[in-house]
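Read the figures in this text as sums done on the coordinates, not as results from a lab. The model shown is predicted, which means the values in this text are computed figures rather than measured ones. In this analysis, Cβ positions are derived from the backbone assuming ideal geometry, glycine residues included, and neighbour counts consider all displayed protein chains.
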Amino acid sequence: MMKKFVLSLWCLGLFAQAEETREKAISEITAAATAFLSSLSPELKGKAEFSFADQERENWKFTPQSRKGVSLEMLDASQQALAKKLLATVLSEQGMLKANTIEDLEKLLGEMENNPVRRNHKAYFTSIFGKPDVKATWGYRYEGHHLAVNVTIIDGAHLIATPTFMGASPAKVAEGRLKGTHILAKEEELARALAVSVQQSGKAVVYTDKPPGEILTGEKRVAEQLSPVGVTAEAFTEEQKKLLHALIAEFANRHRPAIADKEIKTLQGLAPKDIRFGWAGSMEEGKAYYFRVQTPGILIEAANSQNNANHIHTVWRDHKDDFGRDSLGDHYKHDAH
């Protein structure tokens, strides 16, 4: 009988965050969303609020472009603080550090390109879909260039936070006021260490020498199943499994514990044959690469090929439950409304 893929992350010390209940998380997210909306003028509130059924809810983007919602630029200092407090009820402390640094990198790009209008570090938008309530079904989005956080709450019983996208350009800052900043370094280091180890053990984890220039699921509302590449976890040594565990945890722990724990548990029940890791491109630091962890449900993608391999895009998708689709299906089956 095939053994389940049990992630021993607690004993490895990779879950530094404390366990918490889903109810606590939903209560805090709801309270923060309510406080944010209450701080807005009628005009701004009209921009921030959408119906839950609005198609805009799944219109997510991570590229620089016009967006709907209320941007940081439209808000005063106290309202900006409430917008960030709302984001902090979804992300973990390390997730917030990544998010805030991504926004600061956008400001740096504006300075480097002498184009603060296109590279507007205040063009990060908050949108609320439906009425925030601990027993209701509603959604939340925080989004701008290189950052997209999508949350769906269903009847106070389900809390889903996918897709979640984080990117960085420069991926590693070579000079200037942020010299040395490499905010998504851990993801890259863990993935490369795993790829090198698996390749050295004689397994073909590199499926092509030419990496794609972008994550393959892009900004699609529905993340399609990608072709199986690389090596399944059933071929991994114990040390390689630990590296895979750590890589998955680095992505999951961008979210607060109640969300991250659920994402990890989704993977716990899988057989090793159902988890694949593949690498494309060079394993040499500073060279273009792409990697993904793929399962029947969860997909992690990362691509660092643009701007001389110094522009990284990473994403966590759920094939079934992005934007709460699967959970909403169960909800509608049991709710006449």
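Numbers for the structure displayed
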item	result
Cut-off 14 Å between beta-carbons: net charge of the residues surrounding Gln55, Lys and Arg +1, Asp and Glu -1	+3
Pairwise centroid distance, computed over Cα atoms, of the stretch 27-41 with the stretch 266-297, Å	38 Å
Label-to-label distance, nm, for residues given as Ala136 and Thr266 (7 Å Cα→Cβ offset)	2.5 nm
Sequence-separation-based contact order of the stretch 197-316, relative, with Cα cut under 8 Å and 6+ spacing, percent	30 percent
Estimated distance in nm for a label pair at Asp209 and Ser27, the labels positioned 7 Å out from Cα along Cα-to-Cβ	5.9 nm
Cβ-derived FRET efficiency at R0 45 Å, Gln200 paired with Ala81, nearest 0.05	0.40
Cα gyration tensor category, rounded, prolate or oblate, for the chain with a/c compared to 1.5	oblate
Mean separation of Cα contacts under 8 Å, 6 or more apart, over the residue count of the stretch 22-173: relative contact order %	28 percent
Most positive-pole-ward Cα, Leu40, Leu82, Phe125, against dipole of the stretch 20-178 from beta carbon charges	Phe125
Separation of alpha-carbon centers, the stretch 198-237 and the stretch 83-137, rounded to whole Å	29 Å
Spin-label model distance (nm) - Leu226 vs Ala174, 7 Å beyond Cα toward Cβ	2.7 nm
